[in-house]
Amino acid sequence: MALHFELVTPAKLVRSEDVHMVVVPGTEGEFGVLAGHAPFMSTIRDGALKVYRTENAAPEEIMIQGGFAEVGDTGLTVLAEHVEG
């Protein structure tokens, strides 16, 4: 079962894909999101968003700055103020 992940900035949709897991740099600490995670919202701090495409894959790191993360029925959406790269 895959997690649908979207990374969005105020200017554009950066990513929209199905992945195994995403680790988000929350303001209260990092948290991992897998498919079927309970719904919630969190603010995020500047740091590395880690995207695991498959269960045993090395993470791809995407540097983000500020914003919000929302886990819902459709997956994980990260609205970042800025994405490097």
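At-a-glance table
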item	result
1.4 Å probe accessible area per residue over the chain, in Å²	57 Å²
Relative contact order for the chain, counting Cα pairs under 8 Å that sit 6 or more residues apart, in percent	31 percent
Label of the coordinate-derived value, Rg/Rh (Cα atoms, Kirkwood Rh), listed as (1) 0.92; (2) 0.97; (3) 1.22	(1)
Portion, in percent, of the accessible area of the chain that falls on carbon or sulfur, probe 1.4 Å	51 percent
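The values are calculated or read from the model by the stated rules, or taken from the named source; none is laboratory data. Owing to the predicted nature of the structure, the values given are computational and were not obtained by experimental measurement. All accessible areas refer to the heavy atoms of the entire protein, side chains included, with ligands and DNA or RNA removed. Shrake-Rupley method; radii C 1.70, N 1.55, O 1.52, S 1.80 Å.
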